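Scroll down for the structure; my scribbles are underneath it.
Each reported figure results from applying straightforward, stated rules to the coordinates on display, with no laboratory input. Worth saying up front: this structure is predicted, and the values here are computed from it rather than measured. Here the Cβ is made from the backbone with ideal geometry for all residues, glycine too, and neighbour counts use every protein chain on show.
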Amino acid sequence: MNAIQVKEFGGPEVLQFEEIPTPKPDAGQVLVRVHAAGVNPYDTLMRAGTYPIKPPLPYTPGSDAAGIVETVGTGVKNVKPGDRVYTAKTVTGAYAEFTIALEEQVHLLPGKISFAQGAGIHVPYATAYHALYHEAKALAGETVLIHGASGGVGTAAVQIARAMGLTVFGTAGTDKGAALVKAEGARQVFNHSQAGYTDQIMTATGGRGVDVILEMAAHINLASDLKLLAQYGRVIIIGNRGDISITPRDLMARRSVARGFTLWALTPAETGEIHAGLNAGLENGTLRPIVGKEIPLAEAARAHKEIVEPGAAGKVVLVP
């Protein structure tokens, strides 16, 4: 089969398109023929060797795939050959024509959701769900500010927040991104590339501030986030690429908190809640993954360059 292999940590150029043996599922495992694989920002950090998790070399990147069950190992009961599925983590990597996943990592894909959309479910939607429900404990009627709302996690968060009954504000860096966020249900969208946009957000709240902030780039925004919070507000740190100085008194004055998490530390109970919620939303149409770009698997290096560039508008997926 064709797959992307990383034999050394480094820049996008280390992503090599190669032919390797097709894996075979062991007991409790599922072999999925991949129709689309999701590209996530953490993939670029892992490839560079700067992510807390460093896989043994060589490895095939990717945790999010969607496709058809090819074969199953002994003991697998929940899926069968021919089923449409998406993965929430894999054993052998998603950037390939076939991937192995544990049975519990494979979920049925509703017929109304395309394979490209299915590749954009796990990391974006599980992250957004975990941030809003488990970490922020957001409540209907509260106000949420979603930074980078036009990206994969951002659009997922907008959809989930609206379904929860929150008032949604979003930021984006382009007119195209802003239009997407607005179409997905944000009340107002602010251009984070313009000076003074945080003042506009505070004005939009009537000077009260926002209850919850989902932060995709804490190394840029965290200091200003703390000044945008309402009393007892919460900043949930989803992404960060460096250090930043903050004023703790901004937290003290508002009795607010800044929390971080990693999706890889989910408890089994949290994982069960997340996928129950996501599967219901996918079935009833509340959740609709937005695909911004479909890129050939052989051009994974280009996908890794583009996913960290500004101006995101939906999910980037690789197509074998």
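With 10 angstrom as the radius, rank Leu108, Leu180 by how many other C-beta atoms surround their C-beta, starting from the fewest. Each step should come with its number before you reach the end.
Values: Leu108 15, Leu180 25.
Least to most surrounded, the residues fall as Leu108, Leu180.
Mind checking the full-extension length gain between Glu283 and Val91? Use 0.36 nm per residue of separation minus the Cα-Cα distance, one decimal, nm.
Working: separation 192, 0.36 × 192 = 69.12 nm, distance 2.65 nm.
Length gained, Glu283 through Val91: 66.5 nm.
Computed from Cα atoms alone, the Kirkwood hydrodynamic radius reported for segment 123-264 is 14.6 Å. What separates the Cα centres of segment 44-87 and segment 110-138 is a distance of 17 Å.
Report the relative contact order of the chain, percent, no decimals, based on alpha-carbon pairs under 8 angstrom and at least 6 residues apart. All intermediate terms of the calculation are to be shown ahead of the outcome.
Details: 749 pairs, mean separation 59.3, N = 320.
It rounds to 19 percent for the chain.
Where in segment 288-320 does the amide nitrogen come within less than 18 Å of the point 7 Å from the Cα of Arg241, taken along Cα to Cβ? It comes to 301-317, nothing else.
Calculate for the chain the 222 nm mean residue ellipticity that helices alone would give, adding -39,500 (n - 2.57) per DSSP H run of length 4 or more and normalising by residue count, nearest 500 deg cm²/dmol. About -8500 deg cm²/dmol.
Cβ-to-Cβ counts within 10 Å put Val210, Val308, Val30 in ascending order as Val308, Val210, Val30, the fewest first. The residues Ser256, Ser193, when put in order of fewest to most other Cβ atoms within 10 Å, stand as Ser193, Ser256.
Modelled this way, with points 7 Å down the Cα-to-C-beta line, the labels at Thr71 and Ser224 are 5.5 nm from one another. Of the beta bridges in the chain, as assigned by DSSP with both residues counted there, near 50 percent are antiparallel.
Can you divide the C-alpha Rg of the chain by 2.2 N^0.38 Å and report the result to two decimal places?
0.99
Sparse packing (at most 16 other Cβ atoms within 10 Å of the Cβ) combined with a DSSP loop state is found for the following trypsin sites (Lys or Arg not before Pro) in segment 246-320: Arg255.
Taking R0 as 51 Å, what FRET efficiency do you get between Thr203 and Lys54 from their Cβ-Cβ distance, rounded to the nearest 0.05? Write out the running numbers ahead of the final one.
Numbers: r = 45 Å, r/R0 = 0.88.
The computed FRET efficiency comes out at 0.70.
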